[in-house]
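The values are calculated or read from the model by the stated rules, or taken from the named source; none is laboratory data. Worth saying up front: this structure is predicted, and the values here are computed from it rather than measured. FYI the Cβ positions are ideal-geometry reconstructions off the backbone, even for glycines, and counts take in every protein chain you see. Accessible surface is based on the protein model in full, side chains and every heavy atom, while ligands, DNA and RNA are left aside. Shrake-Rupley method; radii C 1.70, N 1.55, O 1.52, S 1.80 Å.
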Amino acid sequence: MLRYACLAVGILGLVVGTAHAWGPHPQITRAALEVLPNLEEVKEKLGESNLAALQEYCWLPDHRGRDLGSFYADDFLLIPDLPRHVGHVMPSVKVTFEPYFRHALLALRTETPTNACRQLGPLVHFVEDVGAPPHAKENCPHHGELENWVKAELISIKGYQPKLLGHTDEEALAGLLKRIERLVEFSKERAERALPLVSQPNPDRSQVEPIILESALETARVTADVLYTVFTLGLKPGPGPGSAHLTVLVSAPKLMENNDQEARVVLLGSPYSTLTQVQSTNTTDQWLGKAEFHNLPAGAYELAVYRPGALPGKASVTLADGEAKQIEIPLLPSDPPQNLVYNPDFTLRTLPIETPDRWTVTTNGPNKVWTSATMVIKPGTTYRCGAALKSSNATVTFIAQPAQKPGKTVAPVRVSINGAQTDQKHYEVELTADEDHSTLVVQISGTDDAPNLIEKVWVIPAR
Ligand SMILES: [Zn+2]
């Protein structure tokens, strides 16, 4: 289990939560890639490193809400046809296949290879997840054993010939759903066979491992079919959804922290969105990035551009068939500048749901609790954590979350601003990060929605 976690730490620079995670995601992805009959062509079109990175991107749904370095996992998880996070086990996982399959094809046809490969992550993850015995069998006990008692180094399907699931998008989608149904049956049967063995007082792991391996191998075969199909259909030369090309040059204030974060460009009300690739960080105070869309349908588009530490940018553009257009969108500094909170004033809303981007809402008794996206914090840095309050009913809590270190249990550190105890409109507290805390979230609670309780919130590296 730890080995897979380490792989992700090395590449994404973070620790994977392995509770309830099908251990061998990367090994299954690698086994599937190895047998692709069109591997050389795919490598040439997408780039070898982008393709290899699928072994990390297949973890994306296990990182919901998190900053993974140059992007947030949610940049690829939350899409117009699936704007909320969903469960990873049967039956809830069933809703993921159609939207992520269609969006993976769309990304291959309209985005850069880097972004297209990232967008494959959720599809690959959920296909692999349903092949894990305790994900296939509903309400399955012994979840951890049944998905981790497997020798990942044995996962190889050399000699397997991946099948094309269909010659058109619709045919392939129907083929995918059927293939998934059979995989669920296959792995459910393995769960039922392994359960009596793992439920014994001193279970013999060596008896269970071969059963879980059968599921891992079948999952790799299905993953190979899915990848072969999306690459065949998605990289086929010929018309995409349209024939227009749009380049968006974004400039934004350089950030003291999180400056590797790319800007997100969304064509509002359409399925199209992407991330910039960084162009330059050499100038004194500006960060420059470039986003590209190809094969867009002709039409009029409203763009929203966002990067942490800047105010959201807007623009309109009209594209004709076959036209290639380039536009520039300068983003102004956030107020206060250098703010690490994603969408700190709730004005960014790019998905067809009521909740502003990257805030999640839960209830706690009579209160609503609004939680921000996770920010990475650096040990030794003091952060100015503040809020502009609208209501005395608001409580704003800044929570430094423990770094996940094996064998060490650390409590979160909480600092709160209580609207009832201050008559100042702008209120600020300080929080110094230590070695044991690596991320921070903001929670806003009260009996009303956050945009009615506060105007905005900020976390700024001070010294
Ligand atoms: Zn999962």
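Segment 230-254 to segment 95-174: how many Å between their Cα centroids? Rounded to whole Å, the Cα centres lie 23 Å apart.
Applying Stokes-Einstein at 37 °C and 0.692 mPa s to the Kirkwood radius of segment 2-234, computed over alpha-carbon pairs, gives a translational diffusion coefficient of 186 µm² s⁻¹.
SER334 exposes around 10 Å² of accessible area when a 1.4 Å probe is run over every protein chain in place. Residues whose amide H falls under 5 Å from that of HIS437, counting only those 5 or more places apart or on a different chain, are ALA403, with hydrogens built in the peptide plane. The residues of segment 244-330 expose on average 41 square angstrom of accessible surface per residue, using a 1.4 Å probe on protein heavy atoms. Only protein heavy atoms count here; under a 1.4 Å probe, LEU351 has an accessible surface of about 20 Å².
Measuring against 18 Å, Cα to Cα, the residue pairs LYS151/LYS178; LYS368/LYS425; LYS43/LYS236; LYS45/LYS290; LYS94/LYS137; LYS290/LYS325 contain LYS151/LYS178; LYS368/LYS425; LYS45/LYS290 as the ones spanning a longer distance. Restricting things to alpha carbons, find the Rg to Rh ratio for the chain using the Kirkwood radius for Rh. That ratio is 0.98, to two decimals.
The equivalent ellipsoid that matches the C-alpha gyration tensor of segment 356-448 spans semi-axes of 25, 16, 11 angstrom, in descending order. Surface composition of the chain: carbon and sulfur make up 51 percent of the accessible area, probe 1.4 Å.
For the peptides 315-321, 216-222, 191-197, residues were scored by their other Cβ atoms within 10 Å and the scores averaged per peptide; the highest-first order is 216-222, 191-197, 315-321. Taking amide H atoms as placed 1.01 Å from N in the peptide plane, the amide H of TRP287 lies under 5 Å from those of ALA252, LYS254, each 5 or more residues away in sequence or on another chain. Near the amide H of ALA310, within less than 5 Å, lie the amide hydrogens of SER334, all on another chain or at least 5 residues away, with H placed in the peptide plane. Per the Cα gyration tensor, segment 246-347 maps to an equivalent ellipsoid with semi-axes of 25, 15, 10 Å, ordered largest to smallest.
With a 1.4 Å probe and every protein chain left in place, tell me how much accessible area SER70 has, in Å² to the nearest 10. Rounded to the nearest 10, that gives 30 Å².
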